[in-house]
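Asker: After the structure tokens below, expect a handful of questions from me.
The values are calculated or read from the model by the stated rules, or taken from the named source; none is laboratory data. Only a predicted model underlies this, so the values are computations on that prediction, with no experimental measurement involved. Heads up, the Cβs are rebuilt from the backbone with ideal geometry, glycines too, and the neighbour counts pull from every protein chain shown. To get the accessible areas, we keep the full protein, side chains included, count just its heavy atoms, and leave off ligands, DNA and RNA. Shrake-Rupley method; radii C 1.70, N 1.55, O 1.52, S 1.80 Å.
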Amino acid sequence: MGKNPPKWLPGERVNETILLQRKSVEQLNADRLLRRDKLKERRERHKEKLDTKRKKKLATKKFISAQTILKHALRKQHQSRQFIKLAEKHDGRHRHESKAAAQERLDRSSHRVALVVRAKGKLIPTSVAVAFRRLGLEKIYTSRLVRLTPSTERALVQLRPFCIVGFPTTEQLTQLLRTRGALWVEETKTKRFITSNMLLEQALGAYNILCIEDLAEALTSTTAHENLDVILKHIAPFDFHPPRQLYLERHRTVHQKLEIVNPESFAAYLQQQLDGNAKREKKDKKREARKAAAPSAKNLRE
């Protein structure tokens with residue numbers, strides 16, 4: 001505290017605490033005004049930066065001719081017609097089959113789960129994009145394990161021209177889960193990569209799945225698992241997108257990166273493997289049919 005002012009000074013006497021309080025309030029107001037001015041300057045600088053960026057983008061924007069726009073529109077129209085025709089063809093082929101009979105037919109087949117990889121970007125018809133969204137494939141290179149039901153079978157038939165569909169073997173699925181597998185956490189809406197069998201035991205231990213091998217066997221077994229739908233809900237979608245700085249991706253245009261699968265990416269390699277599995281199955285079926293037909297031909301000769 002300082003000395004009291006002389007008594008001969010005119011005016012009312014003000015305590016020093018009140019004067020200090022006034023000074024602190026004035027300093028706070030000054031600081032607030034200074035902070036407001038700084039924020040205003042920062043906003044103006046950010047706005048100017050965005051404006052220059054927008055102008056630069058408009059200046060370097062590529063001109064799209066009317067012929068190119070018409071070509072894209074015609075391609076979308078053709079794809080939407082193809083999508084509808086495939087559905088009509090499938091419905092006509094199974095028009096005399098009820099849902100229960102279709103489910104029995106699928107249960108008798110050797111495959112219960114299909115691996116679906118989206119192979120097209122955003123330049124697709126709205127109906128195709130809606131079908132992809134229902135399967136949980138929001139962007140190109142995303143993949144998902146889908147259980148075969150009458151409704152999903154119809155959707156996969158329609159999406160054949162726009163995606164990669166196949167049935168991986170137990171070994172292939174085990175390797176895929178080891179390298180890129182992740183579990184979906186419903187509470188946080190995030191995925192957690194499978195780094196150990198302990199995570200699988202915590203998430204799927206109630207369904208007798210304790211390791212990656214058990215999970216792959218449950219998904220690829222000929223007899224359907226009791227809780228197959230619940231298990232598939234716990235598996236997060238795969239992301240097969242190649243690294244952005246990959247040499248194989250650098251030479252491609254932005255349109256190719258966003259719309260067309262790289263022929264040298266992991267997704268293309270996976271497609272080759274799935275196609276090889278399908279060809280092998282066809283050969284095995286033909287061989288079995290020949291073996292079954294051979295005894296009957298011998299009996300006829302005798």
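Asker: Looking at the range 173-224, which of its residues are of a type in the set (Ser, Thr, Tyr) and either under 24 Å from SER110 (Cα atoms) or open to solvent by less than 20 Å² (accessible area, probe 1.4 Å) (or both)? Can you show your working first?
Answerer: Filtering the range 173-224 for residues of a type in the set (Ser, Thr, Tyr) gives 174, 179, 188, 190, 195-196, 207, 220-223.
Those that are of a type in the set (Ser, Thr, Tyr) and either under 24 Å from SER110 (Cα atoms) or open to solvent by less than 20 Å² (accessible area, probe 1.4 Å) (or both): THR174, TYR207, THR220, SER221, THR222, THR223.
Asker: Please determine, by comparing only the residues of the range 193-219 that are under 22 Å from the mean Cα position of the chain (by Cα) and part of a loop (DSSP other than H, G, I, E, B), which one is farthest from LEU145 (Cα to Cα).
Answerer: Filtering the range 193-219 for residues that are under 22 Å from the mean Cα position of the chain (by Cα) and part of a loop (DSSP other than H, G, I, E, B), the one farthest from LEU145 (Cα to Cα) comes out as THR195.
Asker: Let me ask another. Considering only residues that are part of a helix (DSSP H, G or I), of a type in the set (Lys, Arg) and under 28 Å from the mean Cα position of the chain (by Cα), which ones fall in the range 74-115? Quick ask: steps written out before the conclusion?
Answerer: In the first step, residues of the range 74-115 are kept if they are part of a helix (DSSP H, G or I); the result is 74-93, 99-108.
Among the residues that remain, those that are also of a type in the set (Lys, Arg) are: 75-76, 81, 85, 89, 93, 99, 105, 108.
Across the range 74-115, the qualifying residues are ARG75, LYS76, ARG81, LYS85.
Asker: Would you check which residues across the range 116-150 are in a loop (DSSP other than H, G, I, E, B) and either open to solvent by 50 Å² or more (accessible area, probe 1.4 Å) or within 17 Å of LEU274 (Cβ to Cβ) (or both) and list them? If you could, list the steps in order and put the result at the bottom.
Answerer: If we filter the range 116-150 for residues that are in a loop (DSSP other than H, G, I, E, B), which is where we start, we get 119, 121-125, 136-141, 148-149.
Within the range 116-150, ALA119, LYS122, LEU123, LEU137, GLU138, LYS139, TYR141, LEU148 qualify.
Asker: Here's a check for you: in the range 265-289, which residue that is touching a Ser or Thr at 6+ places or on another chain (Cβ under 9 Å) and among the aliphatic types (A, V, I, L, M) is most open to solvent (accessible area, probe 1.4 Å)?
Answerer: So the residue we want is LEU270.
Asker: Sticking with this structure for a sec: Taking the conditions exactly as written (open to solvent by less than 20 Å² (accessible area, probe 1.4 Å) and touching a residue at least 60 places away in the same chain (Cβ under 8 Å)), does VAL113 satisfy them or not?
Answerer: Details: open to solvent by less than 20 Å² (accessible area, probe 1.4 Å): yes; touching a residue at least 60 places away in the same chain (Cβ under 8 Å): yes.
Judged against the criteria, VAL113 is a match.
Asker: So LEU258 ticks every box in (1) hydrophobic (A, V, I, L, M, F, W, C); (2) loosely packed, with under 15 Cβ neighbours inside 10 Å; (3) more than 17 Å from GLY121 (Cα to Cα) but one. Which box is left unticked?
Answerer: If we test LEU258 against (1) hydrophobic (A, V, I, L, M, F, W, C); (2) loosely packed, with under 15 Cβ neighbours inside 10 Å; (3) more than 17 Å from GLY121 (Cα to Cα), just (3) comes out false.
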